[in-house]
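The values are calculated or read from the model by the stated rules, or taken from the named source; none is laboratory data. All of these numbers come straight from a predicted model, not from anything done at the bench. A quick note on method: Cβ atoms are made from the backbone with ideal geometry, for glycine too, and the neighbour counts reach across all protein chains shown. Keep in mind that these areas ignore ligands, DNA and RNA; they rest on the heavy atoms of the full protein, side chains included. Shrake-Rupley method; radii C 1.70, N 1.55, O 1.52, S 1.80 Å.
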Amino acid sequence: MHDPTSQPIMMLDSSPPLLHHFGELARLSPQIPAPECNDLPSGTVVMKECCQLPLIDLGCLNSTTERERLACAEAICRASSEWGFFQVVNHGISPELVRNMRREQVKLFQTPFDKKATCGVLNNSYRWGTPTATCPKQFSWSEAFHIPLSKVSEQACYGEFSSLREVMVEFSAAMSKLARVLAGVLAGNLGHPRGVFENICQENNCFLRLNRYPACPVSPEISGLVPHTDSDFLTILSQDEVGGLQLMKDSKWVAVNPNQDALIVNIGDLFQAWSNDVYRSVEHKVVAHGKMERYSIAYFLCPSYDSLIGSCNEPSMYREFTFREYRSQVQEDVKRTGRKIGLPRFLL
């Protein structure tokens, strides 16, 4: 497959005006009080290290040996508790499907910016930068399409990008199947039926996000995606070989080495609340690259907006809340303070 990351920076008219908006924030930021621009939790040590995430062979879940099946499930649950992140291989999604999805993704993002911003493709889900940013540290150097799976099969969403539809449908179905397998393992570890998430997270409630992080001429320390936790149950990420993903581990930012054979899985806020903090939703970010663009595709396992989220075991650490309420509170916090506060708002 053609490798987009080995090519020169794309034509200017395909990228959003990130530099202009970043420059405006940099010019205005002295007027913003310093605490508003702080993206680090209290006590964080600013260090960059490389890490090798736990690597789990999911083929062992189908082993004929019970010992291997149990060991695999235990590794998934341990990584979800200790890291909040892990990698999976032999996950059932073919390399060819991933290549096809990446090819169509690149083709979509190579479209001129004005067209991406106005054509309404993929349910009019195109986004870029950070509209709520009040200083440079709150600005994400990226563009994305954030598509509800309820729209993925609709031909009208694709316009002239008709070749994207078939691969999107196949890719989202494969990611949905994998997400439910992983969620089932995590639920079973807490003493619940493995199929409990079939009702909680129906496929049409979930999302697929296509990301592009253009090469950033400003600084390698600029965030391609600002520090955050995910607001879902769990996320599955397919990324290219460029790298840039970092997560918070032991109060330090650590860089995740790309592995082309693996998918990355991370726990979201809802699973942390549902598990009563047995599983951890960990802060992470993407650092922009000075010379190369980066592509990734994320699948988000979500409930319906009216689903009631409560801890699966008592006594509960969190009050019950709906996904709609949680999302609204997150959006309000980001708009008011420039950063996500998340689960601490819902502690009892």
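A 1.4 Å probe run over segment 240-348, with the rest of the protein chains in place, finds 41 Å² accessible per residue.
When all alpha carbon pairs of the chain are counted in 20 Å bins from zero, the resulting P(r) reads 30, 61, 9, 0 %.
Element breakdown for the chain at a 1.4 angstrom probe: carbon and sulfur atoms account for 52% of the accessible area.
Working note: Karplus 6.51/-1.76/1.60 with θ = phi - 60° gives segment 142-147 the couplings 6, 9, 7, 10, 10, 10 Hz, where Gly and Pro are set to x. Across the options LEU237, GLY290, ILE264, the greatest Cα extent toward the positive end of the charge dipole of segment 237-348 (unit charges at beta carbon of Lys, Arg, Asp, Glu) belongs to GLY290. In the chain, the DSSP-assigned H stretches of four residues or longer account for a calculated mean residue ellipticity at 222 nm of -9500 deg cm²/dmol, using -39500 (n - 2.57) per stretch and the full residue count as denominator.
Got the relative contact order for the chain handy, in percent, Cα pairs under 8 Å and 6 or more residues apart? Across the chain, relative contact order equals 21 percent. Taking springs between alpha-carbon atoms closer than 10 angstrom, which of GLN272, GLN260, GLN246 fluctuates most in the Gaussian network model of the chain? Per the Cα network of the chain with a 10 Å cutoff, GLN260 tops the list. Solvent exposure of segment 90-151 amounts to 43 Å² per residue of accessible area, where only protein heavy atoms count and the probe is 1.4 Å. Taking a ≥ b ≥ c as the square roots of the eigenvalues of the Cα gyration tensor, segment 120-198 is classed as oblate, since a/c reaches at least 1.5 and a/b does not exceed b/c. Build a GNM of the chain with springs between Cα atoms under 10 Å apart, and of PRO214, PRO131, PRO148 the one that fluctuates most is PRO131. Of the cross-linked pairs LYS107/LYS291; LYS137/LYS285; LYS151/LYS335, those separated by over 18 Å at the C-alpha level are LYS107/LYS291; LYS151/LYS335.
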